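These notes are about the structure you will find just below.
Read the figures in this text as sums done on the coordinates, not as results from a lab. All figures in this text were calculated on a predicted structure; none of them were measured in a lab. Methodologically, a virtual Cβ is constructed for each residue, glycine included, from the backbone with ideal geometry; neighbour enumeration extends over all protein chains shown.
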Amino acid sequence: MKVYTKTGDSGQTGILGGTRLQKDHIRIEAYGTVDELNAHIGLLRDSPGATDYNDTLVMIQEDLFTLGSHLASDPEKNKMELPELDESRITDLEKMMDEMDGLLPAMKNFVLPGGHVAVSQSHVVRCICRRAERATIRLQSSSYVKGHHIKYLNRLSDFFFVLSRKLAQDLGAIETPWKPRG
């Protein structure tokens, strides 16, 4: 099987269920951004200092493939059985955040991304996750999207913020507080 099909050369792509959409359609934007998020989590996994979180990050990447499969399907025409992203995964993220947060000093300021490559990459992941959430919300305004899929993305971006702080602590990186000027 070849990677290229030439069927997208005219600016359209097919989704599960056989529907063809313009490549700039919000559905394509939503699952494409989830795919970009997943790739950046892979980069975070490969960042020095983040390897202790590898199992958790792989689990999240698997969740995102599941979520992406739903976003990449026509909710009315797709007959393929898709894996399910269970709502309990949201609770799992919350528990992991609570555990990490319990080990961190209280936040007194907003912090600037940086201090270590892994910390910075976790912030990049957080930002892409927020963009994926916004795209999925836009999709929901015109097509069916499971509510807990949006909730998962929302919680996931929070998770990556807490992880960035935990990585800073683990790696002895300095968290630079934001000091507004003016």
- The relative contact order of the chain, taking Cα pairs under 8 Å that sit 6 or more residues apart, comes to a percentage of 28 percent
- Placing +1 on each Lys and Arg Cβ and -1 on each Asp and Glu Cβ in the chain, then taking the dipole about the Cα centre, the residue among Gln61, Gly182, Phe159 whose Cα reaches farthest towards the positive end is Gly182
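Report the net charge of residues surrounding Glu175, where surrounding means a beta-carbon distance below 15 angstrom and charges are Lys +1, Arg +1, Asp -1, Glu -1. Intermediate values should be presented prior to the final figure.
Numbers: positive: Lys108, Arg126, Arg165, Lys166, Lys179; negative: Asp101, Asp170.
For residues surrounding Glu175, the net value is +3.
Taking the radius of gyration and the Kirkwood hydrodynamic radius from Cα positions alone, what is the Rg/Rh ratio for region 60-182, to two decimal places? Intermediate values should be presented prior to the final figure.
Details: Rg = 16.9 Å, Rh = 16.0 Å.
My calculation puts Rg/Rh at 1.05.
With a 10 Å Cβ neighbour count serving as the proxy for reagent exposure, in which order, fewest first, do Thr176, Thr13 appear?
On the way: Thr176 14, Thr13 18.
So the ranking, lowest neighbour count to highest, is Thr176, Thr13.
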- Label model pair Lys79, Phe65: point-to-point distance (7 angstrom along the Cα→beta-carbon line) in nm is 2.6 nm
- Message: Students often forget the sequence filter, so: which lysines lie under 23 Å Cα-Cα from Lys95 once same-chain residues fewer than 8 apart are removed?
- Response: Lys108, Lys146, Lys151, Lys166
- Note on the structure: Quick calc, Lys23 & Leu112: beta-carbon distance into FRET formula, R0 45 Å, rounding 0.05, result 0.80
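Find how much the distance from Tyr4 to Asp55 grows on full extension, using 0.36 nm per residue of separation minus their present alpha carbon separation; answer in nm with one decimal.
Extra length from Tyr4 to Asp55 when fully extended: 15.1 nm.
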